[in-house]
């Protein structure tokens, strides 16, 4: 029984991490009772489980993930959606529209449209399949899409959404963070947009440093005071009703949810906004997520880890 | 490189870039006629290439190398050497570049950069002659993009010029029918240096030195080679089929003339750094 | 064009090589990770005058489709030399030599990779030789392996590689250009440093069996040293990023190991200081 790394140590592939009754989890492999890192990342011991938090890597879909994609093809009742990573996604009309719908589904969404959707099924042999029945899932209008490394998304969201909410509070922007490394941003003006990009890029670069939320918050406060009130608010307010990222509640979608067994709406939220929502003590929870559902997700995650 | 009309460009990207431009802005805060930061490092392949340069134009990086060989002249120009520029769109530089034989746009890149050098007669072909009708110097400048974030043409032009201007090669002569080194080291005989400037047209707006996101939505681009005496020595309209009015072309030429002073200086400074 | 002539001897009477190295000494090596922004992973290597950049894209969708493997990702390696990387200008089109090297580099890297994690996808490794001065295929493997790690491709370990050879009857590691050209043989090899198994092995020239076994042992020793350099370069690239800003890590905080299990994306939880 021995552990060969410091907490948060940057480890490299092939590095021996632990020996004995330890369990190999994400980013590690077990060979003859020895656990090695399979990635460059930060080593972590939880209980007797050893894992490596990835610092890089392509987007691999996971059920319940919120993703932002571009429609690249309309074929029959399916849209093909580019969500980055190795697997092109498809979205069936049944998982996006209320029936009956027109034969020509390009009337609703067409090539080039950017959508926020949820991964409803994925295994590495087929899929991923997307759905758009959840709350806030829709065709995105205006703004821009920023690409960041998908491995950095949890940090951009922060613990229970702390980071992203802090950024939104400072900048008063609309934003949606896809687990696939795409961030949709709509800002009142270009100065604020640049600041939002700077914030996201800084988090991406410094994702494995500590006290990042504080530093970003300070930076934003300082820069915002420079921008001041001199800049006109250029957004047209018509779409403010869908403003608040994923947590925007859209009654329309709720009505539509009788078909195809939609995922519980809150799940996509749990995954995207509060990925690591596991502890109960903090009260400043982003969301109206209920505890039982947290646990449910938690169980699912545990199982996933076990499977590895 | 430049014509993305067959790719699916997201509506958000397209509108976002056009909206910004209509407001007179660019994503990175540059003016419409402003280049990104340019860094030039010469002699990066000092051990094998006779001349070389690495150019960083914002996040676009290219490396150019020059080989000087001895070969036989073309029969219609027995006293002239040969200069040739090629470029590849190596897949190392961008997820958009594919493996396989060069496609049209890679060939266009090479041809446009080549014309910028050849049509301005950067290298004096007559002075590349070793023995008339028998031996001449052949100068090959080859460009490899390493990182592609827009405007490969101008980056390549700067790199090729910086590499040609710092090329050193051993002097050869024909002695008793044999090729021998004289022991002297030569620089290329230069005649007239021109640098290329590429302007993109998006709606009715012209911008210099596009980043990739801008290139994605351009209607077309327009490249001009400008020498130090404000002559235009080569032009190419490409990167999409969008038409351009004479008025816009007039405006583009002014942008090129204005930018060319700075770009010539960038090249000259890099050359001076090793003299 | 710079014509090269055969040196009088490759090993001096004092037992030193043409560039002053001992027989088991590598050339100066500089490894850098994360040198290209567009690529998912990248690394460069300078080994003597050899200069190579490797980039990794992927795992990504594979085109053309007929290459698809249903149970793992396809590892596609493209080794290319710049026309100006060699004394005579190399023709721009890929040569048979480049194609063969692409294949042996892929085979050298594959045993280290968990490609089964990405069925049907492709992992592209592009190697660009900027300047060739001997040992390019081995240097390519050293850099490509780092680029793969930088791209976050899961792997058993990094793969180090070196060429062992023979000149003036003596075994040498890390052949330079002249030793390669005018020596008596060349054995490029790569190993899995966790098991010492060999993943690349080629040979040119004339060797006795005992010589080859000795050469391979020398190669393994040099690879182990190279492996240390690789790990150091990789760590440097990431630790540097970490320490550039806010290195006020309070290491004495309580380790909350009783935390619930996280997903693989638990970085936020892991890092956030409360």
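The values are calculated or read from the model by the stated rules, or taken from the named source; none is laboratory data. The structure displayed is predicted, hence computed values, not measured ones. When we count neighbours, we look across all protein chains shown, and the Cβ atoms used for this are built from the backbone with ideal geometry, even at glycine.
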Practice task
Given the conditions (1) at pLDDT below 95; (2) closer than 23 Å to residue B:192 by Cα; (3) within 13 Å of another protein chain (Cβ to nearest Cβ); (4) surrounded by fewer than 17 Cβ atoms within 10 Å (Cβ to Cβ), report the number of the one that residue B:77 does not fulfil.
Solution key: (3)
Exercise for the section: Restricting attention to strands (runs of 3 or more DSSP E) lying wholly within the range B:177-275, give those where 1 or more residues are closer than 27 Å to residue A:146 by Cβ. Expected result: B:194-202, B:205-208, B:220-227
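Does residue C:115 meet the test of being in contact (Cβ under 8 Å) with a residue 12 or more places away in the chain, within 14 Å of chain A (Cβ to nearest Cβ), under 22 Å from residue C:193 (Cβ atoms) and surrounded by fewer than 24 Cβ atoms within 10 Å (Cβ to Cβ)?
Answer is yes for this residue.
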Exercise for the section: Take the residues in the range A:3-19 that are part of a strand (DSSP E or B) and within 28 Å of the chain's Cα centre (by Cα), then tell me which one is surrounded by the fewest Cβ atoms within 10 Å (Cβ to Cβ). Expected result: A:10
Completion exercise
Residue count, the range B:94-129, condition touching a residue at least 12 places away in the same chain (Cβ under 8 Å), farther than 16 Å from residue B:67 by Cβ and over 16 Å from the mean Cα position of the chain (by Cα), comes to 10
Exercise for the section: State whether the residues of the range A:20-43 include one that is at the interface with chain C (Cβ under 7 Å from one of its Cβ atoms), in a loop (DSSP other than H, G, I, E, B) and surrounded by fewer than 19 Cβ atoms within 10 Å (Cβ to Cβ). Expected result: no
Fill in the blank from the handout: Taking the range C:72-84 and keeping only residues that are within 12 Å of chain B (Cβ to nearest Cβ) and in contact with a helix residue (DSSP H, G or I) (Cβ under 8 Å, 6 or more places away or on another chain), one is left with C:76, C:77, C:78, C:79, C:80, C:81
Fill in the blank from the handout: Among strands (runs of 3 or more DSSP E) entirely within the range C:29-71, at least 1 residues that are facing chain A (nearest Cβ under 10 Å), surrounded by fewer than 21 Cβ atoms within 10 Å (Cβ to Cβ) and on the phi < 0 side of the Ramachandran plot occur in C:50-61
Handout entry: strands (runs of 3 or more DSSP E) contained in the range B:55-139 and holding at least 3 residues farther than 23 Å from residue B:198 by Cα
Key = B:60-71, B:129-131
Exercise for the section: Quickly run through the range B:49-60 and pick out the residues that are surrounded by 24 or more Cβ atoms within 10 Å (Cβ to Cβ) and within 18 Å of residue C:51 (Cα to Cα). Expected result: B:49, B:50, B:51, B:52, B:53, B:55
Exercise for the section: Only helices (runs of 4 or more DSSP H) wholly contained in the range A:113-227 count here; list those with 2 or more residues that are more than 8 Å from every other protein chain (Cβ to nearest Cβ) and touching a helix residue (DSSP H, G or I) at 6+ places or on another chain (Cβ under 9 Å). Expected result: A:162-171, A:190-205, A:212-227
Handout entry: Which listed residue, of C:150, C:133, is modelled with pLDDT under 95, buried (at least 21 other Cβ atoms within 10 Å of the Cβ) and within 9 Å of another protein chain (Cβ to nearest Cβ)
Key = C:133
Fill in the blank from the handout: Counted residues in the range C:193-225 being within 14 Å of chain A (Cβ to nearest Cβ), crowded, with 17+ Cβ neighbours inside 10 Å, out of contact with any strand residue (DSSP E or B) (no Cβ under 6 Å at 6 or more places or on another chain) and modelled with pLDDT of 95 or more come to 1
Practice task
Give the residues of the range C:173-183 that are buried (at least 17 other Cβ atoms within 10 Å of the Cβ) and at pLDDT below 95, sorted by residue number.
Solution key: C:175, C:176, C:177, C:178, C:179, C:180, C:183
Exercise for the section: State whether the residues of the range A:70-78 include one that is within 11 Å of chain C (Cβ to nearest Cβ) and in contact with a helix residue (DSSP H, G or I) (Cβ under 9 Å, 6 or more places away or on another chain). Expected result: no
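In the set B:232, B:222, which member is at pLDDT 95 or above and crowded, with 18+ Cβ neighbours inside 10 Å?
Details: B:232 fails: crowded, with 18+ Cβ neighbours inside 10 Å.
The match here is B:222.
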Problem - Lone unmet requirement of (1) touching a residue at least 40 places away in the same chain (Cβ under 8 Å); (2) farther than 20 Å from residue C:169 by Cα for residue C:198 - result: (1)
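Is it the case, given these coordinates, that residue A:53 is at pLDDT below 95, under 23 Å from residue C:123 (Cα atoms), crowded, with 23+ Cβ neighbours inside 10 Å and at the interface with another protein chain (Cβ under 9 Å from one of its Cβ atoms)?
yes
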Fill in the blank from the handout: The residue from A:43, A:58, A:89, A:75 that alone is in contact (Cβ under 8 Å) with a residue 24 or more places away in the chain, over 30 Å from residue A:17 (Cβ atoms) and touching a strand residue (DSSP E or B) at 6+ places or on another chain (Cβ under 9 Å) is A:89
Problem - Qualifying positions in the range B:63-74 - touching a residue at least 24 places away in the same chain (Cβ under 8 Å) and surrounded by fewer than 14 Cβ atoms within 10 Å (Cβ to Cβ) - result: B:71, B:72
